[in-house]
1. Please work out whether the range 84-174 counts as rounded, prolate or oblate from its C-alpha gyration tensor, where a ≥ b ≥ c are the square roots of the eigenvalues and a/c under 1.5 means rounded, while otherwise a/b larger than b/c means prolate and anything else oblate?
2. Going by the alpha-carbon gyration tensor, a ≥ b ≥ c the square roots of its eigenvalues, is the chain rounded (a/c under 1.5) or, if a/c is not under 1.5, prolate (a/b greater than b/c) versus oblate?
3. Where does helix 36-52 land angle-wise versus the long Cα axis of the chain, in degrees 0 to 90, nearest 10?
4. Determine the shape class of the range 155-225: with a ≥ b ≥ c the square roots of the Cα gyration tensor eigenvalues, call it rounded for a/c under 1.5, and otherwise prolate if a/b is greater than b/c, oblate otherwise.
5. Put a dot 7 Å past each Cα toward the Cβ at GLN250 and ALA110; how far apart are the dots in nm?
6. In a Debye calculation with equal point scatterers on the alpha-carbon sites of the range 122-264 and no solvent, what is log10 I(q)/I(0) at q = 0.13 Å⁻¹?
7. Using only Cα atoms, find the angle between the long axis of helix 94-108 and the longest principal axis of the chain, and express it within 0 to 90 degrees, rounded to the nearest 10.
8. When only DSSP loop residues count, what trypsin sites (Lys or Arg not before Pro) in the range 1-63 have their Cβ near at most 16 other Cβ atoms within 10 Å?
Amino acid sequence: MQIVVCIKQVPDTAEVKIDRKTNTLIREGVPSIINPFDLHAVEEALLLRERCGGAVTALSMGPPQVEAALREALSLGVDQAVLLSDRAFAGADTLATSYTLAAGIRKIGAFDLILCGKQAIDGDTAQVGPEIAEWLDVPHLTYVSGIDEMILAEPARITVSRLVEGGYEQVRSSLPSLLTVVRELNEPRLPSFRASLRARTQAITVWGAADLDVDPERLGIDGSPTGVSRVFVPEYDRQGQIFAGGPEDQARALVDLLRSTRLI
Ligand SMILES: Cc1cc2nc3c(=O)[nH]c(=O)nc-3n(C[C@H](O)[C@H](O)[C@H](O)COP(=O)(O)OP(=O)(O)OC[C@H]3O[C@@H](n4cnc5c(N)ncnc54)[C@H](O)[C@@H]3O)c2cc1C
């Protein structure tokens, strides 16, 4: 079974800093991690490989420093890592990002499954996974919290549980397909010391625009129809309401307030 896992390197901070002039994320000086949801995608790919055999490829698009994220994926046990990196990819919105990643997946070769995180914790759009599926013309299943059945014999198919409001939904799809995954799916493993050492020297394949079968006008900022007019972190009023009286009066006042605002 051939599995591609898309991993994004994101800033290791809950509070993403924004360049007010360009409205893009400031990445300099901020430590980076693999997008947490993508670690669950890597884990599931490794579990599926252990069960069904085959190979797992980790794929990322970004600047050269994204190699660190791919090395971490190698230390977790993926078979190969591919980085799509080129100045022409810079400033990509989700459409251009997914277009480029889809081209990378086509170049990697035949696949049974593509795994993505539910969303990136910086961009937060949750668009890239489904968009990759559209470019590759394969079905996509989002918010996957469990893989219930995987049949590789023809007709190849997969049955998954999806996290939906108030419960789960079981859905079946043909393979190949693309899944976006949530935290409930599994518990990501930690790399062993030996694997981390080995990953330091493992080769990472790097492809630029010239290596891919792409229309240059669909790449990077030129291929990005999204216009960001303003990006901001909401300001919270932490003052809140202070209730008078003893604990019981305060509790009663709080319950009255929650009822009156229909929060309970
Ligand atoms: C006009 C505009 C300009 C932008 N310019 C920049 C810029 O200059 N620099 C910049 O860094 N960002 C830029 N962005 C943000 C960029 O669009 C997003 O970082 C990117 O498209 C992914 O979207 P997302 O973070 O919402 O991912 P989501 O759709 O929330 O991610 C879902 C999943 O898709 C996969 N995925 C997402 N991105 C990648 C990736 N790069 N590689 C591998 N897998 C991935 C992962 O599995 C992830 O869990 C720009 C956005 C806009 C709208």
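1. Numbers: a/c = 3.01, a/b = 1.41, b/c = 2.14.
Oblate shape, in that a/c is at least 1.5 and b/c is the bigger or equal ratio.
2. Working: a/c = 1.86, a/b = 1.44, b/c = 1.30.
Taking the square roots of the gyration eigenvalues as a ≥ b ≥ c, the chain is prolate.
3. So the inclination is approximately 50 degrees.
4. Note, shape of the range 155-225 comes out oblate.
5. Taking the simple label geometry, ALA110 and GLN250 are separated by 6.7 nm.
6. -1.01
7. Helix 94-108 sits roughly 30 degrees off the main axis of the chain.
8. In loop regions of the range 1-63 (DSSP not H, G, I, E or B), the sparsely surrounded trypsin sites (Lys or Arg not before Pro) are LYS17, ARG20, LYS21.
Read-outs: derived from the displayed coordinates by stated rules, not from any lab. These figures come from a predicted structure and were not determined experimentally. Note that we place each Cβ from the backbone using ideal geometry, even for glycine, and neighbour counts take in every protein chain shown.
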